Amino acid sequence: MPPQCVTCLASPAIADSTAGEGAELGDLLPHLSSVIVDKIECTPSAVVVKARCWPAQGACPACGTWSSRVHGSYVRQVRDLPLGGRPVLIHLAMRRFLCTNPACTKVTFAGQADGLTARYQRWSVPLAGLLSQVALELAGRAGMRLAAALGIAVHRGTLLRLVIDLPDPQARAAPEVLGVDDFALRRGHVYATILVDAATGRAIDILPGREAGPLAGWLTAHPGARVICRDRAGAYAEGARDGAPSAVQVADRWHLWHNLAEHTAKAVARHRACLKQIAAEQAQPPPEPIATAAAVPAPESRLAARMRDQHAAVQALAARGLGLRAIAREQGVDRKTARRFAQAATSDEAVARAISRPTVLDRYQPHLHRRWNEGCHDAVVLHAEITALGYRGSLRTIYRYLQPLRTGTAPAALTPSALKIGEVTSWLLRRAEDLNPRQQQMLTDLRAHCAQLDRLAEHVTSFAKMMTKRTGEQELAGWLDRVDADDQPELHTFAAGIRQDLAAVTAGLSLPYSSGSTEGNVNRLKAIKRQMYGRASLDLLRKRVIHHPP
């Protein structure tokens, strides 16, 4: 195809008819300032630039010796950034030099145009840099689609290779405040460790596994860490102790609060009877009685009966001296389920959680009872009414709930439970001023009704104040003693875990350092990993993370 226009540039200047002056080509395309542009051919499909680069000397890439002995010349084709949506191809005449170092393995080598070319690369330096940034942000397929929209044809595998070829940052010393955390490459099977500069928020390295050895080896090779922020994993504590024995280890406050919340929820779950009693007393108005003749209590559900049988079987096997793994294998249940049944003193305690689960009908039961007593027994009509009130369940659920009423049997739960374990736990973990008046009143009544929950609230509140005011060094020992003296089995477990990592927990509750930037990098890393559908190797993921801006 003949060129649409041909412009011969005798000098690297472009005329400006309005100003009467010339704009240098190097001002518009700075990476071409080191070459002489002879001709630009513009076609509908591409822009072809013919240029030459005749440096007086060049440095040997093998030994670094400068040479001015010219061996010959050749024409090199370099793809450049697109112009006007069209690809640009540069035909660049280059020189080859003879290496004057007799001990060098190189005989000849090609010179390079500064800012335009690189060894073994058919792209210009600006184009390679742009595609590397596209690949860092979007990875393979998405990056390929964006490049095509910009007028650059590139394969998705080529983009990923550009990321792999990026040089690693040279980190000879660890940052003063180092963040350490783990993340899953394949949950439950393969994990890795991310290291973050807590001061800048930048990820500096990713290590395979989450054991003590790799972390200790990295800290030994990169000395200088003064503070190490980590979660409460024992492997990281050991690795930090072995690799940087003089560094202060800081347990992350978020993990401490999260652990306390888990134990608090278990303690609240132990008082389900108190929650039900308070809910029954506070329910306004109480549900109307059901107009049925000779109503009898509903039989126990099949789930509750099955759980009682499992509890009896697990207790019998535990009495014979079998371990939890053997019991789980014998009963065909998960090890955690076997442990829950083994630790439950009675069958009522074992099934309490299952039979008190919230249902989608809880908030609509008073309406159903009232309408039933008014004479409306049509499930379709009742379903339409509560759907208008926000119900999102099925019609079949309404049929099942109304069936005991039709047979004269009382339903399993006439009064919906207004107090849920998660709800009460959130009240205990929040400041009193953040609760609405109803929540404050319900929590006050609950604490007045149950002395153990009242003391639990005191322990949680004092720990929260100690954590926010950073007074762990002065108050943590006393808090642990008060918990040990109280009848709170769940908090006893929490306190025992703190004592196993007492120095790091004390530092976490006293010093201003935290793992906030580390957790942010883990979230960003998960987004990058999901973008590659979890199929990327650790090397590629590491490159994308450590080269990605924080």
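The values are calculated or read from the model by the stated rules, or taken from the named source; none is laboratory data. Just so it is clear, the model here is predicted, and its values are computed rather than measured. A quick note on method: Cβ atoms are made from the backbone with ideal geometry, for glycine too, and the neighbour counts reach across all protein chains shown. Accessible surface areas use protein heavy atoms only, side chains included; no ligands, DNA or RNA. Shrake-Rupley method; radii C 1.70, N 1.55, O 1.52, S 1.80 Å.
For the range 429-444: of the residues being over 15 Å from R272 (Cα atoms) and in contact with a helix residue (DSSP H, G or I) (Cβ under 7 Å, 6 or more places away or on another chain), which is least open to solvent (accessible area, probe 1.4 Å)? Spell out the reasoning first.
Let us first name the residues in the range 429-444 that are over 15 Å from R272 (Cα atoms), namely 429-441, 444.
Applying the additional criterion that residues be in contact with a helix residue (DSSP H, G or I) (Cβ under 7 Å, 6 or more places away or on another chain) yields 429, 432, 435, 439-440.
Numbers: L429: 44, A432: 63, L435: 14, Q439: 29, Q440: 75 Å².
The qualifying residue least open to solvent (accessible area, probe 1.4 Å) is L435.
Within the range 463-474, residues that are without any contact (Cβ under 8 Å) to a residue 24 or more places away in the chain reach partners that are open to solvent by less than 90 Å² (accessible area, probe 1.4 Å) with beta carbons closer than 8 Å, at six or more positions or on different chains, in the pairs K465/T471.
Across the range 121-141, the number of residues qualifying as open to solvent by 60 Å² or more (accessible area, probe 1.4 Å) and under 29 Å from the mean Cα position of the chain (by Cα) comes to 4.
Working carefully through the options D434, D378, D454, find the one that is modelled with pLDDT of 85 or more, more than 35 Å from the chain's Cα centre (by Cα) and closer than 30 Å to K465 by Cβ. Give the derivation first.
Numbers: D434 fails: more than 35 Å from the chain's Cα centre (by Cα); D378 fails: closer than 30 Å to K465 by Cβ.
Among D434, D378, D454, only D454 is modelled with pLDDT of 85 or more, more than 35 Å from the chain's Cα centre (by Cα) and closer than 30 Å to K465 by Cβ.
When you look at E458, is it part of a helix (DSSP H, G or I), in contact (Cβ under 8 Å) with a residue 12 or more places away in the chain and charged (D, E, K, R), yes or no? Show your work before the answer.
Values: part of a helix (DSSP H, G or I): yes; in contact (Cβ under 8 Å) with a residue 12 or more places away in the chain: no; charged (D, E, K, R): yes.
Considered against the rule, which asks whether it is part of a helix (DSSP H, G or I), in contact (Cβ under 8 Å) with a residue 12 or more places away in the chain and charged (D, E, K, R), E458 comes out as no.
Put simply, of E433, E458, E519, E473 the only residue that is among the acidic types (D, E) and in contact with a Ser or Thr (Cβ under 8 Å, 6 or more places away or on another chain) is E473. Within the range 258-275, residues that are under 18 Å from A344 (Cα atoms) sit with their Cβ atoms under 8 Å from residues that are open to solvent by 80 Å² or more (accessible area, probe 1.4 Å) and part of a helix (DSSP H, G or I), at 6+ positions apart or across chains, in these pairs: H263/T493; A269/R353; R272/R353. Exactly one residue among A225, A244, A251, A235 is farther than 24 Å from L443 by Cβ and open to solvent by 30 Å² or more (accessible area, probe 1.4 Å), and that residue is A235. Which one is farthest from I194 (Cα to Cα) among residues in the range 465-523 that are open to solvent by less than 10 Å² (accessible area, probe 1.4 Å) and either among the charged types (D, E, K, R) or not in a helix (DSSP H, G or I) (or both)? Here the residue is Q488.
Taking the criterion of being free of Cβ contacts under 8 Å to residues at least 40 places away in the same chain and open to solvent by 60 Å² or more (accessible area, probe 1.4 Å), the residues of the range 142-168 that qualify are R145, L146, A148, A149, H155, R156, R161, D165, P167.
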